[in-house]
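The values are calculated or read from the model by the stated rules, or taken from the named source; none is laboratory data. Predicted, not measured: the structure shown is a model, and the values here were computed from it. Neighbour counts run over all protein chains shown; Cβ positions are idealised from the backbone, glycine included.
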Amino acid sequence: MTSSNCDILIQGGGPVGLACAAWILQKFPEANITLLDRNSVNDDDLAQADSRGIALSHGSKLLLDTIHAWPKESAPIHRVHVSQAGRFGRALMTREELNQDALGHIIRYRDIHLTLRKALRALQTKSPNFTWEQIQNDAEESQIHAKCIVHAEGGLFKKQDWVESGRDYGQSALVGLVEVEKAEPHQAWERFTAEGPLAVLPSHYGANVLNLVWCGSPESSQHRLQLADAEFLHELQNEFGSRIGRFQKIQDRRLYELGLNYRKEITKDNEVWIGNAAQTLHPVAGQGLNLGLRDAFLLAEKLVGVFSGPRENQSPTDVQNALQEYAQSRKADRATTIGLTDFMARIFTSNLAPIVMARGLALSALQWLPPVKTALARQMMFGRR
Ligand SMILES: Cc1cc2nc3c(=O)[nH]c(=O)nc-3n(C[C@H](O)[C@H](O)[C@H](O)COP(=O)(O)OP(=O)(O)OC[C@H]3O[C@@H](n4cnc5c(N)ncnc54)[C@H](O)[C@@H]3O)c2cc1C
């Protein structure tokens, strides 16, 4: 461990930690930052890592473009079709209604991760006080003294070493890459089944190769993980129906446990938590990373404000005040995104007859009340400002 003092210590080199470092350095290349990363320094080791498809909003694209960190391999979504398996109620959202080039983009987690690493390396060449180190354990972290500590350790539900407020939905997501007969290009499908949401999303591999996110009980998800390919495809076809023809091939199946875990307070003294280290969400609304990138961007602005100014304005109280202002500025967006995601995760996993009925009505209302649909889509694309 070389550096033992710095202004800003960022713990965690996932997408959110990397993006935060990049936004700080882009605005203030002299920033004295240490980034501690559990990941290998070598990108090759990450190339086979997490390949799940992540939906990034147009708002996230605009943010990532500012640091040249938009992955080349992405699949735009032009339409989203939402329906309930075997029940009434459906809604269609299109990019034309919202006057946007795309409603969102599907990108593999590892491509987001690798592109951000590349963008940060490019900034590193012009940043004399930036240190990026790989660490193996917590003992190495404790040797560093920083004026401000940014926690971006992320993590998945049930794999985190902290549990605060939240909910266990008793659900897992089975993800994979599925090949179908005749998909509509650039169309995403979200179908609510008796066990939970089943999403079939575009991929950059071609119109008929789609990202699957199939939420169900941990037991059935585990069972589906172990099924032979042909049986798996048969079950999937039964749940999804025939709208995109026959499901022909499945690859790269993985399971993730799902739940909500969030901190009520995201700052304490000189420490601040962002991304999944602050809130871990159900993927039903595709909001976790989008919200985390907004955290990182706004925190970077705040920290540049403090550390690019005179040294006498960087006392522990100044840092603490800046973090409190940051926390205040994130309140509305966090509350709305966490609340909306939790609501959707619960309402779309319930089989109680009145809720099934209300769900059908809500989908129909979305379809027939364009202002409601536009407001919801805008929240998903840009968050609450
Ligand atoms: C099935 C599934 C589908 C999803 N789909 C979407 C979607 O469509 N849209 C969306 O916006 N979000 C989605 N998400 C959520 C998204 O994956 C997360 O919100 C996002 O990965 C959070 O990024 P992060 O950098 O905060 O954390 P992470 O991605 O967890 O990265 C944290 C990094 O920190 C490192 N680390 C951990 N501890 C330490 C330490 N002590 N010191 C140093 N480094 C450390 C880890 O190695 C890791 O690389 C989905 C999640 C799941 C599970």
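A single member of G53, G12, G17 is within 14 Å of the ligand (Cβ to nearest atom) and touching a Pro at 6+ places or on another chain (Cβ under 9 Å), and it is G53.
Taking the stated definitions as given, is L46 closer than 15 Å to N290 by Cα and either within 15 Å of the chain's Cα centre (by Cα) or within 12 Å of the ligand (Cβ to nearest atom) (or both)? So L46 fails the test. Looking across G259, G292, one residue alone is small (G, A, S), crowded, with 18+ Cβ neighbours inside 10 Å, outside any strand (DSSP E or B) and within 16 Å of the ligand (Cβ to nearest atom). It is G292. Look at K61 and say whether it is under 21 Å from the mean Cα position of the chain (by Cα) and surrounded by fewer than 16 Cβ atoms within 10 Å (Cβ to Cβ). No.
Could you give me the residue pairs with C-beta distances under 7 Å whose first residue belongs to the stretch 99-121 and is in contact (Cβ under 8 Å) with a residue 24 or more places away in the chain and farther than 15 Å from L63 by Cα, whose second residue is acidic (D, E) and part of a helix (DSSP H, G or I) wherever it lies, and which are 6+ apart or on separate chains? Filtered contacts from the stretch 99-121: L114/D43; R117/D43.
Determine whether I33 is among the aliphatic types (A, V, I, L, M), away from the ligand (no atom under 11 Å from the Cβ), closer than 30 Å to E153 by Cα and more than 15 Å from the chain's Cα centre (by Cα). Spelling it out, I33 is indeed among the aliphatic types (A, V, I, L, M), away from the ligand (no atom under 11 Å from the Cβ), closer than 30 Å to E153 by Cα and more than 15 Å from the chain's Cα centre (by Cα). Screening E239, E153, E235, E219 for residues that are in contact with a helix residue (DSSP H, G or I) (Cβ under 8 Å, 6 or more places away or on another chain), within 24 Å of L258 (Cβ to Cβ) and not in a loop (DSSP other than H, G, I, E, B) leaves exactly one candidate, E235. Answer with yes or no whether N137 is under 24 Å from C6 (Cβ atoms) and more than 17 Å from the chain's Cα centre (by Cα). Criteria met by N137.
Looking at the stretch 148-161, is at least one residue at pLDDT 95 or above and more than 13 Å from the ligand (Cβ to nearest atom)? Yes; the residues of the stretch 148-161 include at least one that is at pLDDT 95 or above and more than 13 Å from the ligand (Cβ to nearest atom). Considering only residues in the stretch 209-218 that are touching a residue at least 60 places away in the same chain (Cβ under 8 Å) and touching a Lys or Arg at 6+ places or on another chain (Cβ under 9 Å), the one that is surrounded by the fewest Cβ atoms within 10 Å (Cβ to Cβ) turns out to be V213.
Is there a residue in the stretch 270-286 that is charged (D, E, K, R), surrounded by fewer than 19 Cβ atoms within 10 Å (Cβ to Cβ) and either within 16 Å of the ligand (Cβ to nearest atom) or modelled with pLDDT under 95 (or both)? There is at least one residue in the stretch 270-286 that is charged (D, E, K, R), surrounded by fewer than 19 Cβ atoms within 10 Å (Cβ to Cβ) and either within 16 Å of the ligand (Cβ to nearest atom) or modelled with pLDDT under 95 (or both). Counting only residues that are within 16 Å of the ligand (Cβ to nearest atom) and of a type in the set (S, T, N, Q), the stretch 221-250 holds 2 of them.
If you filter the stretch 242-256 down to residues that are hydrophobic (A, V, I, L, M, F, W, C) and in a strand (DSSP E or B), you find that the one that is farthest from S221 (Cα to Cα) is F247.
To keep it simple, each residue is scored yes or no on (1) without any contact (Cβ under 8 Å) to a residue 24 or more places away in the chain; (2) of a type in the set (G, A, S); (3) surrounded by 24 or more Cβ atoms within 10 Å (Cβ to Cβ).
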residue: P15; (1), (2), (3): no, no, yes
residue: T34; (1), (2), (3): no, no, yes
residue: N39; (1), (2), (3): no, no, no
residue: L46; (1), (2), (3): no, no, no
residue: A55; (1), (2), (3): no, yes, yes
residue: P76; (1), (2), (3): no, no, no
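When you look at G206, is it part of a loop (DSSP other than H, G, I, E, B), on the phi > 0 side of the Ramachandran plot and surrounded by fewer than 17 Cβ atoms within 10 Å (Cβ to Cβ), yes or no? So G206 passes the test.
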